[in-house]
1. Return yes when Val67 is part of a helix (DSSP H, G or I), open to solvent by less than 50 Å² (accessible area, probe 1.4 Å) and touching a Phe, Trp or Tyr at 6+ places or on another chain (Cβ under 9 Å) and no when it is not.
2. List every residue pair whose Cβ atoms sit under 8 Å apart, with the two residues 6 or more apart in sequence or on different chains, where the first one lies in the range 39-62 and is part of a loop (DSSP other than H, G, I, E, B) and the second, anywhere, is basic (Lys, Arg).
3. Can you find a residue that is among the small types (Gly, Ala, Ser) and in contact with an Asp or Glu (Cβ under 6 Å, 6 or more places away or on another chain) anywhere in the range 48-57?
4. Would you tally the residues in the range 14-28 being free of Cβ contacts under 8 Å to residues at least 24 places away in the same chain and open to solvent by 80 Å² or more (accessible area, probe 1.4 Å)?
5. Here is a list: Arg31, Arg11, Arg49. Which entry is open to solvent by 60 Å² or more (accessible area, probe 1.4 Å), of a type outside the set (Asp, Glu) and within 15 Å of Ala75 (Cα to Cα)?
Amino acid sequence: LPPPEVAEIHRVLIGHLHDLYAFYGEYTGLRVARKHISWYTKGLTGSARFRHAMNQLPTIDTQLAAVDEFFLDLAAQNDRLYYIEELAA
């Protein structure tokens, strides 16, 4: 199988995040979402720095904007996701 499309994983992640926010509410949903974002992005180029920054974001809006920016940057490089091994998480 070919690697997944950036747009497809981005779309799935955004849907998942909205479900988490709706289920847990803003305060807990924001925090639970961090773990899920980490799972979706682990091994992608630049994801270690992104995940570190993600854990500092205080609102759902800033979290969603950061996810959008990360995936738009990936899409500008390639339309498919390619995973690499990271030396440090």
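1. In short, yes.
2. Lys42/Arg51; Asn55/Arg34
3. Let us first name the residues in the range 48-57 that are among the small types (Gly, Ala, Ser), namely 48, 53.
Now narrow it down to the ones that are in contact with an Asp or Glu (Cβ under 6 Å, 6 or more places away or on another chain): 48.
For the range 48-57, residues among the small types (Gly, Ala, Ser) and in contact with an Asp or Glu (Cβ under 6 Å, 6 or more places away or on another chain): present.
4. Count: 6.
5. Details: Arg31 fails: within 15 Å of Ala75 (Cα to Cα); Arg49 fails: within 15 Å of Ala75 (Cα to Cα).
Only one candidate qualifies: Arg11.
The values are calculated or read from the model by the stated rules, or taken from the named source; none is laboratory data. The model shown is predicted, which means the values in this text are computed figures rather than measured ones. Cβ atoms come from the backbone with ideal geometry, glycine included; neighbour counts cover every protein chain shown. Only protein heavy atoms, including side chains, enter the accessible area calculation; ligands, DNA and RNA are left aside. Shrake-Rupley method; radii C 1.70, N 1.55, O 1.52, S 1.80 Å.
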